[in-house]
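What follows is calculated from the coordinates using simple rules that are stated; it is not laboratory data. Everything numeric here is computed off the predicted structure, so don't read it as measured data. Cβ atoms come from the backbone with ideal geometry, glycine included; neighbour counts cover every protein chain shown.
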Amino acid sequence: MTSTGAEDDTHPRPPDRAGALHGIRVLDLTSVVMGPLATQVLGDLGAEVITIEDRAGDANRSIGAGPVPGLSGMALNLMRNKRSVGLDLKDERGRAAFLAIAATCDVVVTNLRPGPLRRLRLAYDDVRAVRPDVVFCQAAGFPSDSDRADDAAYDDVIQSASGICDLARRMGGDPMPVPTILADKVSGYAIVTAVLAALFHRSVTGAGQRVEVPMVETMTSFVLVEHGVGSIPEPQLGSPGHRRLLTEHRRPQRTLDGWVHVFPYDERSYRCLFEGAGRPDLADDRITTPQRRLEHIEQLYRDVATVMASKTTADWLAFCRANSIAASEVAQLEDVVDALPLADHPHAGPYRVVPAPFRLDATPPSVRRPAPLHGEHGREVLAEVGLAAEDVAALAADGVLFGSGLADVPD
């Protein structure tokens, strides 16, 4: 963390490493990746997050290998900074317990579709009845006012519905998704943005609101930032699809001993690169304007690939750094993982922490709680919101409350 000199007494810091959202309480009724990622980020920023899990537990607990059952590599990071409560929401007592928790929370995030929320009687109006100023964020595949509101939706489906898969077709192949759950993760960050905006509005007006994040609209807006191009004006001046990004030659280049990705963005960069490779003849009028570069982008990228084969990766990285040309060695996933910091989990042992993707000097994001076991904090949270010990015990005895945190629930 950088220092700004003397402490400014007019802006006291919150408690040590409390985070920018210290004091905000979030109720997490999500699963898979989109919602859990959003609430992980809110937790990293200092919010207190309580996650509600069904009897099977969040799907992330069993996706991929993990050191102990229920704590996969995905779960160790996606579920950090959260407390877990296992509740049967189809039981009226489980629903009542959920609302008792919701009454203490500033934010509720869910990715249940409108139909299931209505059947559970846990939609915005139900939660607002116990917490009038709640920020209630509902994220699903499709808009709630569309004819697809209750359709099932996962990342692969949304990549197809939003045009992402069509990009591969425009590059000469079959339609296909990119090999990462792009829609889930982009939509997760859209949830964070929307929730923060609603919290700011509440801080000014005192009023909560319902927030909706449809994945298909999120990804449509995402892909059309650049791929809308000439199709955005009306009448259209061209077809969708950014030509530079859709050439098959936009890829890392092979060097004498490996791979590097060099990206000459402007005339100066191209000229410097070609001259440095001993091919000044390639720095012709194709590179002089953005439009000319775009018209000749495929051949320019082929030329870049040709000259990159003349030196080692280290030589090119040094050259590009010295000449302010964007470049990077192609990192293998193993290298990326190995560079992560290590932490100790009380049940799972050492694990690698995926850092928060932003830095705040005064209120840095942090990992304050390790990922919980399934239902680990059920008794603790319900006691905290006012349920008597005998009522908690009855919920556990009847299977309405479940999870690893029930061992110390009194009979």
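Side notes on the structure shown:
- A convex hull fitted to the Cα coordinates of the chain yields 197 cubic angstrom per residue.
- Amide H partners (placed H, <5 Å) of Ala140, local residues excluded: Val213, Met215
- Rg over Rh [alpha-carbon atoms, Kirkwood Rh] for the range 87-158: 1.00
- Tilt relative to the chain, helix 313-322 - C-alpha long axis, 0 to 90 degrees, to 10: 90
- The simple spin-label model puts a point 7 Å past each Cα toward its Cβ; for Phe358 and Arg119 those points are separated by 3.7 nm.
- Given R0 = 35 Å, the distance between the Cβ atoms of Ala394 and Thr180 translates into a calculated FRET efficiency of 0.20.
- Solvent-free Debye scattering, log10 I(q)/I(0), computed from the Cα coordinates of the range 279-411 at q = 0.16, 0.17, 0.19, 0.20 Å⁻¹: -1.02, -1.06, -1.12, -1.15
- Mean projected area in nm² (Cα convex hull; one quarter of hull surface) for the range 164-254: 8.7
- Pair Asp156, Asp284: separation of 7 Å Cα→Cβ label points (nm): 4.6
- In the range 196-327, the inverse of the mean reciprocal separation of distinct Cα atoms equals 17.8 Å; this is its Kirkwood hydrodynamic radius.
- Shape annotation for the range 247-294: C-alpha extents along the principal axes are 32, 25, 13 Å, from largest to smallest.
- FRET efficiency, Lys90 to Ser324 (Cβ-Cβ, R0 60 Å, nearest 0.05): 0.50
- For the range 54-193: span of alpha carbons on each principal axis (Å, largest first): 55, 43, 27
- Taking N as its residue count, the alpha carbon Rg of the range 338-390 over 2.2 N^0.38 Å: 1.59
- Multiplying the residue separation of Arg25 and Arg302 by 0.36 nm and removing their Cα-Cα distance gives an extension gain of 94.4 nm.
- A simple packing score, the average count of other Cβ atoms within 10 Å per residue, orders the peptides 143-153, 328-338 as 143-153, 328-338, with the highest score first.
- Calculated over the range 302-363: convex hull of Cα atoms, volume per residue (Å³): 158
- DSSP beta bridge pairing in the chain, given as percent antiparallel to the nearest 5: 35
- Two-site label geometry, Arg292 and Arg268: point separation in nm, points 7 Å out along Cα→Cβ: 1.8
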